[in-house]
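Take a look at the structure set out below.
The values are calculated or read from the model by the stated rules, or taken from the named source; none is laboratory data. Because the structure is a prediction, the values reported are computed rather than measured. Here the Cβ is made from the backbone with ideal geometry for all residues, glycine too, and neighbour counts use every protein chain on show. For accessibility, only protein heavy atoms count, side chains too; no ligands or nucleic acids. Shrake-Rupley method; radii C 1.70, N 1.55, O 1.52, S 1.80 Å.
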Amino acid sequence: MKMSSKARYGLYVAVELAKAYSRDVVTVSLLAQSTGVTEKYLEQIIALMKKANIVQSLRGASGGYKLTDAPDNITVGRVLRAVEDNLEIVDCLHKDGCSNKCNCVSHNLWVKLYDNINNYLDTISLLQLAEDKV
């Protein structure tokens, strides 16, 4: 399994916002500088994070972005699922998407792997990642 650039950059943004949580908002230009990603691409990623209620925006001259909750209350799994469409590792993960429902010998393997990945990612908070305590 390989994470997309969208997932990696979304996590970079979330960690930068976690580091700045006790201070103020972070501008998209500062996020672009710290991540090395264009502002336009970051705006698309941040929009997904806003939709998932992970990030909020503040308008105005001193506007920018901040986390909606404390970094220790937001998990890596939540961020990645927000930008990566639920981290489904195979298309047939759910029975209704499986064309070989009756004869699939690997279906349970994929379900357990998916559950284990998500459970692990849900044990790591943005604070832990920001403080390099993973």
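Summary of values
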| read-out | value |
| --- | --- |
| Subset of segment 6-32 [free of Cβ contacts under 8 Å to residues at least 24 places away in the same chain and open to solvent by 20 Å² or more (accessible area, probe 1.4 Å)] | ARG8, GLU16, SER22, ARG23, SER29 |
| Output for segment 33-44, where each listed residue is in contact with an Asp or Glu (Cβ under 9 Å, 6 or more places away or on another chain) and either small (Gly, Ala, Ser) or free of Cβ contacts under 8 Å to residues at least 24 places away in the same chain (or both) | SER34 |
| Residue list for segment 47-98, restricted to those being touching a residue at least 60 places away in the same chain (Cβ under 8 Å) and in contact with a strand residue (DSSP E or B) (Cβ under 7 Å, 6 or more places away or on another chain) | ILE74 |
| Residues of segment 55-74 satisfying the condition of being at negative phi and open to solvent by 30 Å² or more (accessible area, probe 1.4 Å) | GLN56, SER57, LEU58, ARG59, ALA61, SER62, LYS66, THR68, ASP69, ASP72, ASN73 |
| Only one of VAL55, VAL83 that is in contact with a Gly (Cβ under 9 Å, 6 or more places away or on another chain) and either among the aliphatic types (A, V, I, L, M) or modelled with pLDDT of 95 or more (or both) | VAL83 |
| Test for GLN44: is it over 27 Å from TYR114 (Cα atoms) and of a type in the set (S, T, N, Q) | no |
| Out of ALA47, ALA52, sole residue that is under 11 Å from the mean Cα position of the chain (by Cα) and open to solvent by less than 80 Å² (accessible area, probe 1.4 Å) | ALA52 |
| Residue list for segment 75-90, filter: at negative phi and among the charged types (D, E, K, R) | ARG78, ARG81, GLU84, GLU88 |
